[in-house]
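*Asks:* Take a look at this one; I'll ask things after.
Please treat every number below as a calculation from the coordinates, not as lab data. Just so it is clear, the structure is predicted and the values come from calculations on it, not from any experiment. All Cβ positions, glycine included, derive from the backbone under ideal geometry; neighbour counts span all protein chains shown.
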Amino acid sequence: MLGVPLLVLQLIAAFSCWPALTVRPSRPRDEGALAGIELACLVTIVTAAPALLIALTRSARPAFGRRPAAPPRRRAAAPPRRRSSAP
């Protein structure tokens, strides 16, 4: 249930972080570019903070497991099961 808002908040934070990292002022006093960078940073922080709170809530932790970003290594490392044909 909490996965959808968490995903939306993280996507918004990622998309607003990208301009903050890539926009460069064209001259030393480029106020428009600096204001855009500040706004992108503000939006990133405002959307990442609730996402962090959602991820840290007790009800969301069992759904994510111990390592939410880690791939399932056990299944990938285990050899395939052989089916026995014995009667």
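*Asks:* Could you tally the net charge around LEU34, taking each other residue with its Cβ under 11 Å from the Cβ of LEU34, Lys/Arg +1 and Asp/Glu -1? Don't skip to the end; give the middle numbers.
*Replies:* Details: positive: ARG24, ARG27, ARG29; negative: ASP30, GLU31, GLU38.
Every neighbour counted, the sum reads 0.
*Asks:* Then there's this: Distance in nm between label sites at ASP30 and LEU7, each 7 Å beyond Cα in the beta-carbon direction?
*Replies:* About 3.6 nm, to one decimal.
*Asks:* So how far apart, in nm, are the two label points at ALA14 and LEU52 if each is 7 Å from Cα heading toward Cβ?
*Replies:* It works out to 1.9 nm between the two label points.
*Asks:* Residues with beta-carbon under 15 Å from that of THR22, excluding THR22: net charge, scoring Lys, Arg +1 and Asp, Glu -1?
*Replies:* Numbers: positive: ARG24; negative: ASP30, GLU38.
Around THR22, the surrounding residues sum to -1.
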